[in-house]
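In what follows, a structure is listed as structure tokens, so that the remarks can point back to it.
The values are calculated or read from the model by the stated rules, or taken from the named source; none is laboratory data. Because the structure is predicted, anything quoted here is derived from the model rather than measured. Neighbour counts run over all protein chains shown; Cβ positions are idealised from the backbone, glycine included.
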Amino acid sequence: MDLKELVEKWFNIWEEGDFLELPISDNFKHTSPYGTIEGKRAYINLVEANKDKFLGHHFEIHDTIYGVDRACVRYTAKQGDFTLDVSEWYFPKDSLIEEIIAYYNIAGDIPDERKLSEPS
């Protein structure tokens, strides 16, 4: 699977809601304005604890750049009346996503219903 297919699979799985099938490595690392999550298990646990915030999105892809060892995607995530404009860098290893660095603006206070819960 090439990098473009891998990134497309990432978005398709999110839209389908089957986050247990995300193509991420055991050493997956996700960095965003919320902080850094290290390890596949920690990431899956966070998603599990916050399904209402992670699942049910539709993604409007605006721009993509694919290189040999990295890709960048700029998109808008939409869930009901909530939208978030995001730019993400994807770094693959052995046909899995090893790292994502996400950039987006969280303006003002985060409404309580959008705040992430700690996994139990």
Exercise. Give the number of residues within the stretch 1-19 that are in contact (Cβ under 8 Å) with a residue 12 or more places away in the chain and in contact with a helix residue (DSSP H, G or I) (Cβ under 7 Å, 6 or more places away or on another chain).
Key: 1
Quiz item: How do the pairs read when you match residues in the stretch 37-63 that are more than 16 Å from Val86 (Cβ to Cβ) with residues anywhere that are of a type in the set (Lys, Arg), using Cβ under 7 Å and keeping only pairs 6 or more apart or on different chains?
Solution: Glu38/Lys29
Quiz item: Restricting the search to the stretch 76-102, which residues are aromatic (Phe, Trp, Tyr) and in contact (Cβ under 8 Å) with a residue 60 or more places away in the chain?
Solution: Tyr90
Exercise. Report, by residue number, each residue of the stretch 14-33 that is surrounded by fewer than 16 Cβ atoms within 10 Å (Cβ to Cβ) and out of contact with any strand residue (DSSP E or B) (no Cβ under 9 Å at 6 or more places or on another chain).
Key: Glu16, Gly17, Asp18, Leu20, Glu21
Quiz prompt | Set Val68, Val7: member being among the aliphatic types (A, V, I, L, M) and under 21 Å from Tyr104 (Cβ atoms) | solution = Val7
Practice problem: For residues that are in a helix (DSSP H, G or I) and more than 9 Å from Pro119 (Cβ to Cβ), scanning just the stretch 48-59, find the one that is nearest to the chain's Cα centre (by Cα). | Solution: Phe54
Quiz item: Got at least one residue in the stretch 81-89 being at pLDDT 95 or above and in contact with a Ser or Thr (Cβ under 7 Å, 6 or more places away or on another chain)?
Solution: no
